[in-house]
1. Read through the list (1) surrounded by 14 or more Cβ atoms within 10 Å (Cβ to Cβ); (2) more than 19 Å from Leu204 (Cα to Cα); (3) modelled with pLDDT under 95, then give the number of the only condition that Leu94 fails.
2. Among the numbered criteria (1) modelled with pLDDT of 95 or more; (2) of a type outside the set (Ser, Thr, Tyr); (3) touching a helix residue (DSSP H, G or I) at 6+ places or on another chain (Cβ under 9 Å), which single criterion is violated by Arg34?
3. Against the conditions (1) at pLDDT below 95; (2) outside any strand (DSSP E or B); (3) not acidic (Asp, Glu), where does Ala173 fall short? Just the number, please.
4. Tell me which residues, restricted to the stretch 138-184, are out of contact with any strand residue (DSSP E or B) (no Cβ under 8 Å at 6 or more places or on another chain) and within 19 Å of Phe117 (Cα to Cα).
5. Among the numbered criteria (1) modelled with pLDDT under 95; (2) over 29 Å from Thr23 (Cα atoms); (3) under 20 Å from the mean Cα position of the chain (by Cα), which single criterion is violated by Gly200?
6. Within the stretch 288-298, is even one residue buried (at least 22 other Cβ atoms within 10 Å of the Cβ), farther than 23 Å from Thr23 by Cβ and over 20 Å from the mean Cα position of the chain (by Cα)?
7. Taking the criterion of being farther than 25 Å from Thr184 by Cβ and modelled with pLDDT of 95 or more, would at least one residue in the stretch 274-282 satisfy it?
8. Can you give me the number of residues within the stretch 319-336 that are over 21 Å from the mean Cα position of the chain (by Cα) and closer than 16 Å to His283 by Cα?
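The values are calculated or read from the model by the stated rules, or taken from the named source; none is laboratory data. If you're wondering where the values come from, they're calculated on a predicted model, not measured in any experiment. So basically every Cβ, Gly included, is an ideal-geometry build from the backbone, and we count neighbours across all protein chains shown.
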Amino acid sequence: MTIVELEADTLFQARPEAARVQTLRHHVNDALVRDLGRYIAAAATRLPRTAAAASRTVRHIAPGRRFNPHLFTLHWTLQRALRAQNPGGVLTALGRLARIGDTQDCYRPVLTVDTVFWDATDAEASAFLLSKDGPRSRFQEVVDITPVSATELADGRRHIDEALAVLCELDPAMHAEFGELVATVRLFNRAAITGSTTTGISSLRYWGQMYLRYPDAAEKDDWTAFLLEHLVHEASHILLHAIMGRDPLLTNGFTARHQAPIRSDRRPLYGIYHAMFVLSRVHRVLSRYADAVATPTARMARDLALERFRKGYGTVMEHADLTAAGRAVADSCKEIVAA
C-alpha cells in the first residue's frame, strides 16, 4: 500500500478512529498557527506593540493540544478586519489574542459545558444564524438563541456526562473521537418560534465548539437518545471540517441547491455531503442504542436517521462531482450504515 493509499484508508472514511483524529487536529491547529503568524506580521506595520503581544501568544502555542475554540474565532475576525482594512477590528482581535496568552487560556484540556454569554464566538454563531444561509423555521423565521438558566445548565451538564458514559459503552471509538475533537458544548435556548428545527450548530469559525439546544419537554422523555444523536451529529461536523482541510471531497459543493435531508430549505451539495456523513455516524450510534434499550423513541430516532441518510446519500451520488477521497468517504458512510 502506498503512502497516499494508506492516508486515504485512514483519513478519508467515516468510521471512527481516534488516532486519525489526532493527526487531523494537529493539521488544523498547525494551519491556524501559520495563518495567525502571517496576519500578525501584516498588522505589525501599523500596530507594532499590540502585534508583538499577540505574537507572543502564537509563538508559544503547542499545536498537538486541544485548542480553546476562541482562537479559531479570533483567526476569522482578524482575517476579516485585515481584508476590510478595519484598524479597529484588527486592534481588537490582536488584543484578544494577547489576552488569551496572558491568561494562559489557549487550551481546553477537559470538556467545558457552558452557555451563551455573548463573547466573540457567540457573535459569530449568531451572525450565521441571522445570515441568508442560516436556518429558518417553516415560516421563514430566524433562529434567535438565548442562554439557558443556571438550573438548566446544571441539568444539561449532568445529562451530558451520563450520555457520554453511555456512548463510551456503546461505541468506544466514537467516544474517543469525541474526546479528541470537542472542547466545548455550549447550551442554548431558542426563541419560541413555530417549526424551527435548529438543535445544534458547529463551524470552522469556532472549531472544536458545538452549540446544542436545551431539549424541549417531549425530548426530555429520553435525554440520552436526544444527546447521543446531537452530540455525535455536531462532533461529526467538526470532524468533517478537518477532513475537508486535507481534501475538498467534492468540486461542485456550491454550484446548485438541492432538497436537504434534514433542513426544510434547499441546500448546496456541500451541506448535503456534510449531512450524509453525519447521518451515517448518528445511525451507527442510535442503532446500538436502540438494540440496547429497545424503546419506541430509540427505534424511531434510528429509523429517521436511516431515512435521512438514504436521501442525502442519493442526492450526493446523483449530483456531486466527488474527488477520489470524497468517493472513499461516501463509500465508507454507506458501509457503516449497512453494518
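1. Single failed check for Leu94: (3).
2. The failed condition is (3).
3. Condition not satisfied by Ala173: (1).
4. Here is the first cut: in the stretch 138-184, the residues out of contact with any strand residue (DSSP E or B) (no Cβ under 8 Å at 6 or more places or on another chain) are 138-141, 149-151, 154-155, 158-159, 161-181.
Scanning the stretch 138-184 gives Ser149, Ala150, Thr151, Ala154, Asp155.
5. Only one criterion in (1) modelled with pLDDT under 95; (2) over 29 Å from Thr23 (Cα atoms); (3) under 20 Å from the mean Cα position of the chain (by Cα) is unmet by Gly200, namely (2).
6. So the first thing to find is which residues in the stretch 288-298 are buried (at least 22 other Cβ atoms within 10 Å of the Cβ), and the list is 289, 298.
Narrowing the set further to residues that are farther than 23 Å from Thr23 by Cβ leaves 289, 298.
After this cut, where a residue has to be over 20 Å from the mean Cα position of the chain (by Cα) as well, the list is 289, 298.
Yes, the stretch 288-298 has at least one match.
7. If we filter the stretch 274-282 for residues that are farther than 25 Å from Thr184 by Cβ, which is where we start, we get 276.
Retained after the next criterion (residues that are modelled with pLDDT of 95 or more): 276.
Yes, there is a match, as at least one residue in the stretch 274-282 is farther than 25 Å from Thr184 by Cβ and modelled with pLDDT of 95 or more.
8. 3
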